[in-house]
Amino acid sequence: MMQLTWLLAIPVVLWLAWKRPNRQRLAERLLASVVAGISLVLLVFPPTTQQAISPGTAILLTEGYNADTLQNLLQNAAAGPSVYSYRTTAANAKPLESLYLLRREHPSLTQVHLLGHGLKKEELQALKGVQVQPHLSAIPAGPTAMHWPESIKLGEAVEIAGQYKKEGEEATWLYLQAAGQAQDSMQIVTDTTAGFLLRYTPKQAGHFVYTVVKKSGNGTDTLGRVPVQVQPVQELGVLLLASSPLFEFRFLKNHLAELQHRVALRTSISKDISQSEWLNMPRMSLDRLTPKLLQQFDVVITEPLALQGLSAGERAFLQRAVTEEGLGILTVTNAPANARSTSFFTSFQTRRLSQQDTRSTRASWADNVTATATAAPYTLVNTTAVAGLVAEQDNQLLAGAKRAGWGKVAMSLVSQTFSWQLEGKKDVYASYWANLLSAVAKQEVQERFWQVVAPQVPKPDQLLTLTFTDYTAADVPSATVTHVADSASVSLPLAQNPLQLTQFSGSFWPRRSGWHQVQTPDDLPYLFYVQDSTDWAFADLQVRQQETKAFVAQQNAVPVADAAIAYREEQVPLIWFFLLFVLSSGFLWLEEKF
């Protein structure tokens, strides 16, 4: 009724404008009078519009959300859902400090469209009972997968392998920084996801942190750090059994002794006479192989004639040491060994490649080391039971090993490696024998050991879970975690695995990056590294996406009913009516004056 009273004033204004003697700009005066009257009424009685809303649906934006995906959701929605942002910035989205506030503002919330890289498992707990529809973004350009060994032996190479997603035409270089300089590099050119491999061989034992750096154009970025523990070479007990004096065994004996391995050499001179030598170990009788004697060694290196020269009892002791004690046996030969008495040690299938007594071939082994080798005119047949140790062209094997009980038996067709020493290729010689010994020798049995279970890349203020396996434990052990740099320590409560009573696990929140160590009272410390929060960003994104997908998969499979649509009245902004009133009134005033 009040609005009608105000509207009745408009004809009065029009009559006054019409009545004026000056008939110039009459149409403009009449129009301005109508606009002034209507805008004044709308200012006093502002109009409203009805907007459809969906109180049961919301859109949640997280880091890395796609703007096009958001636009499509808004355009296709029957009613406008509320848009929120969590730990990211977005225009026209209400920021949330906690996801529990979302439930508080929307008590009737039944469905959330989740955009971006997703949420962590603990954050998703705030959305229990709500149907989550994920719209996850692709992992951005950069590393998408990484792997490197936690620990290596001195002399072995650290290999950092991974996948890199490249976008754009500009070439990208990856560098491995170690010992103060770039040790290896690789260029990624194609605009796709490509594999890469960076390698470095440390020169001393200890725990080190290397860095992977990306350079593209004029920009250089640190992708992440590579913590590695370089363990001293295990001092092995090596028994050499030769049927006659051989240059191959003499050079090998001296080389192993220089590396501080315990070495014993028994060389047959005649049927009942042998010569014995000992280096880096006390003298003991080598005349006859016994279980007690074999317990002193980790690997036996021999040749077929020496095996045939053993008594049946010695071969039985040797076989039992392999199957029950884990001893390794390596037979070096230049021809197939077909004697039935030695078949346990030499039963490898071979294939002849040449009619010559020897042949020259290109051999390769671990760490991509290659060298020209003098080998027997045969190759080992590559079967599923045989693990290749030294290879040549066409995927053929020059040396291989197979499991025999707790230990291994191996055969090598490269019978003259001492020539590398004579040619000055000492690094090739050392690498070759380090490769064979590490693969064949008796493995150290760990009765107690630690492992980092999750996450793949530990970072500050992220829950880190460790497991401790102790095959001798009678009770639940206690443990302490210490930051190596400042010696700050915290207690790590351990819980026993009900399905595996020898395994215990505990979790804590590291506060700083750097090397940490965890230790039980009766065991050596275990070192692990906590990365900086910005290192290997892809790992965090992948974990969030995986945990989001797992959360969605665990939700009730019953489809959610279409969200109810409600309507709310929204007042039209008064600024437009105010501007119309000012303009029209100003025109009438000026027109009358001039």
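The values are calculated or read from the model by the stated rules, or taken from the named source; none is laboratory data. Given the structure is predicted, the values throughout are model-derived calculations rather than measurements. Note that we place each Cβ from the backbone using ideal geometry, even for glycine, and neighbour counts take in every protein chain shown. Side chains included, ligands, DNA and RNA excluded: accessible areas come from the protein's heavy atoms. Shrake-Rupley method; radii C 1.70, N 1.55, O 1.52, S 1.80 Å.
Got a sec? Which of GLY326, GLY313 is open to solvent by less than 50 Å² (accessible area, probe 1.4 Å) and on the phi > 0 side of the Ramachandran plot?
Criteria check complete, one pass: GLY326.
Out of THR465, THR502, THR417, report the one residue that is within 24 Å of PRO227 (Cβ to Cβ) and among the β-branched types (Val, Ile, Thr).
Numbers: THR502 fails: within 24 Å of PRO227 (Cβ to Cβ); THR417 fails: within 24 Å of PRO227 (Cβ to Cβ).
The match here is THR465.
Quick check: anything in the stretch 577-584 at pLDDT 95 or above, more than 30 Å from HIS135 (Cβ to Cβ) and among the hydrophobic types (A, V, I, L, M, F, W, C)?
First, the residues of the stretch 577-584 that are at pLDDT 95 or above: none.
No, the conditions are met nowhere in the stretch 577-584.
Check whether at least one residue in the stretch 246-259 is in contact with a strand residue (DSSP E or B) (Cβ under 8 Å, 6 or more places away or on another chain) and modelled with pLDDT under 90, and report yes or no.
no
Looking only at the stretch 262-279, filter to residues that are surrounded by 13 or more Cβ atoms within 10 Å (Cβ to Cβ) and among the aliphatic types (A, V, I, L, M); which one of those is farthest from ILE301 (Cα to Cα)?
Within the stretch 262-279, the match that is farthest from ILE301 (Cα to Cα) is LEU279.
Of all residues being in a loop (DSSP other than H, G, I, E, B) and open to solvent by less than 60 Å² (accessible area, probe 1.4 Å) in the stretch 453-475, which is nearest to ASP523 (Cα to Cα)? Just the residue, please. Before you say what the answer is, go through the steps one by one.
At the first step, the residues of the stretch 453-475 found to be in a loop (DSSP other than H, G, I, E, B) are 455-463, 471-475.
If we keep only those that are open to solvent by less than 60 Å² (accessible area, probe 1.4 Å) as well, we get 455, 457-460, 462, 473.
Working: PRO455: 24, VAL457: 25, PRO458: 23, LYS459: 25, PRO460: 26, GLN462: 26, ALA473: 12 Å.
Step by step, filter the stretch 453-475, then rank; the result is ALA473.
Report, by residue number, each residue of the stretch 438-452 that is among the β-branched types (Val, Ile, Thr) and either surrounded by 14 or more Cβ atoms within 10 Å (Cβ to Cβ) or touching a strand residue (DSSP E or B) at 6+ places or on another chain (Cβ under 7 Å) (or both). Let's see the steps before the verdict.
Going residue by residue through the stretch 438-452, those that are among the β-branched types (Val, Ile, Thr) are 440, 445, 452.
Correct list: VAL440, VAL452.
Out of GLU167, GLU122, GLU150, GLU156, I need the residue that is open to solvent by 40 Å² or more (accessible area, probe 1.4 Å), farther than 21 Å from ASP540 by Cα and not β-branched (Val, Ile, Thr). Which one? Before the answer, list the steps.
Details: GLU167 fails: farther than 21 Å from ASP540 by Cα; GLU122 fails: farther than 21 Å from ASP540 by Cα; GLU150 fails: farther than 21 Å from ASP540 by Cα.
Matching residue, one of GLU167, GLU122, GLU150, GLU156: GLU156.
Report the residue count in the stretch 476-523 for those that are crowded, with 16+ Cβ neighbours inside 10 Å, more than 21 Å from the chain's Cα centre (by Cα) and assigned to a loop (DSSP other than H, G, I, E, B).
4
Just checking, how many residues over the stretch 170-203 are open to solvent by less than 30 Å² (accessible area, probe 1.4 Å), within 21 Å of GLN231 (Cβ to Cβ) and of a type in the set (Ser, Thr, Tyr)? Outline the logic, then answer.
First pass over the stretch 170-203, keeping only residues open to solvent by less than 30 Å² (accessible area, probe 1.4 Å): 172, 174, 176, 178, 188, 194, 196, 198, 200, 202.
Then drop every residue that is not within 21 Å of GLN231 (Cβ to Cβ), which leaves 176, 178, 198, 200, 202.
Next cut, of a type in the set (Ser, Thr, Tyr) only: 200.
Total satisfying the criteria: 1.
Does at least one position in the stretch 287-308 carry a residue that is among the acidic types (Asp, Glu), more than 27 Å from LEU380 (Cα to Cα) and out of contact with any Asp or Glu (no Cβ under 8 Å at 6 or more places or on another chain)? Working first, answer last.
As a first pass, look at the stretch 287-308 and keep what is among the acidic types (Asp, Glu): 287, 298, 303.
Right, trim to more than 27 Å from LEU380 (Cα to Cα) and you get 287.
Next, from what is left, pick out any that are out of contact with any Asp or Glu (no Cβ under 8 Å at 6 or more places or on another chain): 287.
The answer is yes, given that some residue of the stretch 287-308 is among the acidic types (Asp, Glu), more than 27 Å from LEU380 (Cα to Cα) and out of contact with any Asp or Glu (no Cβ under 8 Å at 6 or more places or on another chain).
Do you know which of the residues in the stretch 391-434 that are closer than 19 Å to THR302 by Cα and in a loop (DSSP other than H, G, I, E, B) is most open to solvent (accessible area, probe 1.4 Å)?
Residue satisfying both the conditions and the ranking: GLN416.
Can you pull out the residues in the stretch 142-159 that are of a type in the set (A, V, I, L, M) and under 20 Å from TRP365 (Cβ atoms)?
Let us first name the residues in the stretch 142-159 that are of a type in the set (A, V, I, L, M), namely 145-146, 152, 154, 157-158.
Those that are of a type in the set (A, V, I, L, M) and under 20 Å from TRP365 (Cβ atoms): ILE152, LEU154, ALA157, VAL158.
Do the conditions hold for THR190, that is, is it without any contact (Cβ under 8 Å) to a residue 40 or more places away in the chain and assigned to a loop (DSSP other than H, G, I, E, B)?
Values: without any contact (Cβ under 8 Å) to a residue 40 or more places away in the chain: yes; assigned to a loop (DSSP other than H, G, I, E, B): yes.
Taking the combined requirement at face value, the residue satisfies it.
Those residues that are within 12 Å of SER412 (Cα to Cα) and touching a residue at least 24 places away in the same chain (Cβ under 8 Å), I need them from the stretch 388-397; list them, please. First the steps, then the outcome.
First, pick out the residues of the stretch 388-397 that are within 12 Å of SER412 (Cα to Cα): 388-391, 397.
Across the stretch 388-397, the qualifying residues are LEU389, VAL390, ALA391.
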